[in-house]
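To keep things clear, I will list the structure first and then write my remarks on it.
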Amino acid sequence: MRIPFNKPYMTGKELWYISQAHHLGHLSGDGSFTKKCNAWLEERVGCNKALLTNSCTAALEMSAILADLQPGDEVIMPSYTFVSTANAFVLRGAVPVFVDIRPDNLNINETLIEAAITPKTKAIVPVHYAGIACEMDVILGIATKYNLIVVEDAAQGIMCTYKGKPLGSIGHIAALSFHETKNIMSGEGGALLINDPNFIERAEIIREKGTNRSKFFRGQVDKYTWVDIGSSFLPGELISAFLWAQMEEAESITKRRLAIWETYHQSLSELEKSDLLRRPIIPDGCVHNAHMYYILVSNLEQRNGLLTFLREKAIYAVFHYVPLHSSPAGLKYGRVSGEMVVTNEVSDRLVRLPMYYEMRVEDVDLVVEVVSKYFSKNK
Ligand SMILES: Cc1ncc(COP(=O)(O)O)c(C=O)c1O
């Protein structure tokens, strides 16, 4: 029996809503399904404005435009993240300044941020890894002190909270992902969430190719025209219709994933007690969404050995991230602040185990059994 790493879950209503969009005949962006999704996000997250985008990458690119970054401006972020966190800002000529992560939750180490600030620093991008919140109180305190914009990369953070506040509602701006690999998805997809109302009007313009078309549709101007830079950042209605079916099931999807996560967590506790691996740590005040289940093994050799052993048994696990600071583009466009000790180590030691909605308890048991077998042979 084969256990894939991920299997996108369809709720069963996606094609029905797509057929409704087809019937309504409005297939470009900002039709009724996009509006429903935006309203759901505004209510659920409590942000001032939600705008669906083609991807989290697109939402991050919009954030970089909104932050008004000029060539040479600096943006503080972890190196242990997906490329888009940095790329979106590099496209504006800004310099990513990479800071090491915390050993417990693998998020940016908030105690190292202040040392990375220079007169050129304009923004901080905390990435909520695995849907587990960064230490936002400290990060916001630093941002206020130095007058910096906070862009939450909440790609993995739908349905998660920090001290009771939904992720995406805390920084000035936030970006969500609805990529196929995420808990709630539309193949490709994302959203820009705006908490600082000063960014709303410009965000609508940037998303609509630099025009004031949104104002025109609301009857606030009698013709629309080119007023700013921008691009085509909005999804068509077929994507939004698909996403709506997923949003309707967001609670039950999260609940089920959390049950799978908990099964892994309980079953792997003995191996952790024997010091063979480390399980995820969820700090107090953080509610996560079971986006992923990862383990940390001792070293690179053991990590590669475990991945191969699992694959031989048709179980597909993966590792990530190759740190951005040492990647070719990271070396060219970014710089580090301080040592990247934890980032380098975690990137060698992390294994993401299979995790998807339809995973059965037997599947989790089998993965855990094979992991245990590997350790009994390779202590
Ligand atoms: C932390 C992080 N940021 C950004 C992205 C980009 O998301 P998208 O594929 O929706 O552009 C991802 C995707 O996995 C991610 O994990």
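General observations
- Among residues of the stretch 30-46, those that are open to solvent by less than 10 Å² (accessible area, probe 1.4 Å) and under 12 Å from Gly168 (Cα atoms), counted: 1
- Some residue of the stretch 108-118 being touching a Phe, Trp or Tyr at 6+ places or on another chain (Cβ under 8 Å), among the β-branched types (Val, Ile, Thr), surrounded by 22 or more Cβ atoms within 10 Å (Cβ to Cβ) and touching a residue at least 40 places away in the same chain (Cβ under 8 Å): no
- First in the stretch 234-256 and acidic (Asp, Glu), second anywhere and assigned to a helix (DSSP H, G or I), Cβ under 6 Å, 6 or more apart: Glu237/Ala21; Glu237/Phe33
- Qualifying helices (runs of 4 or more DSSP H) (wholly inside the stretch 220-305; at least 3 residues being more than 30 Å from Asp30 (Cβ to Cβ)): 250-267, 269-273
- Residue within the stretch 120-133 that is open to solvent by 30 Å² or more (accessible area, probe 1.4 Å), among the charged types (D, E, K, R) and either away from the ligand (no atom under 16 Å from the Cβ) or free of Cβ contacts under 8 Å to residues at least 12 places away in the same chain (or both) present: yes
- Candidate set: the stretch 161-177, residues that are surrounded by 24 or more Cβ atoms within 10 Å (Cβ to Cβ) and not in a strand (DSSP E or B); chosen: the one farthest from the ligand (Cβ to nearest atom): Ile170
- Per-region count, the stretch 5-26, residues over 10 Å from Ala241 (Cα atoms) and either touching a His at 6+ places or on another chain (Cβ under 8 Å) or surrounded by 13 or more Cβ atoms within 10 Å (Cβ to Cβ) (or both): 9
- Test: residue in the stretch 197-207 that is within 16 Å of the ligand (Cβ to nearest atom) and either among the β-branched types (Val, Ile, Thr) or open to solvent by less than 10 Å² (accessible area, probe 1.4 Å) (or both): yes
- Of the residues making up the stretch 67-86, those that are of a type in the set (A, V, I, L, M, F, W, C) and more than 9 Å from the ligand (Cβ to nearest atom) are Ala67, Leu69, Val75, Ile76, Met77, Ala86.
- Put simply, of Ala130, Ala143 the only residue that is assigned to a helix (DSSP H, G or I) and within 27 Å of Asn183 (Cα to Cα) is Ala130.
- Being within 16 Å of the ligand (Cβ to nearest atom), over 12 Å from the mean Cα position of the chain (by Cα) and under 20 Å from Leu41 (Cα atoms) is not true of Val99.
- Once the stretch 178-190 is narrowed to residues that are open to solvent by 10 Å² or more (accessible area, probe 1.4 Å) and near the ligand (Cβ under 8 Å from one of its atoms), the residue that is farthest from the chain's Cα centre (by Cα) is Glu188.
- Put simply, of Ser84, Ser55 the only residue that is closer than 30 Å to Val351 by Cα, touching a strand residue (DSSP E or B) at 6+ places or on another chain (Cβ under 6 Å) and either crowded, with 16+ Cβ neighbours inside 10 Å or polar (S, T, N, Q) (or both) is Ser55.
The values are calculated or read from the model by the stated rules, or taken from the named source; none is laboratory data. Just so it is clear, the model here is predicted, and its values are computed rather than measured. Note: ideal-geometry Cβ built from the backbone for every residue, glycine included; neighbour counts use all protein chains shown. All accessible areas refer to the heavy atoms of the entire protein, side chains included, with ligands and DNA or RNA removed. Shrake-Rupley method; radii C 1.70, N 1.55, O 1.52, S 1.80 Å.
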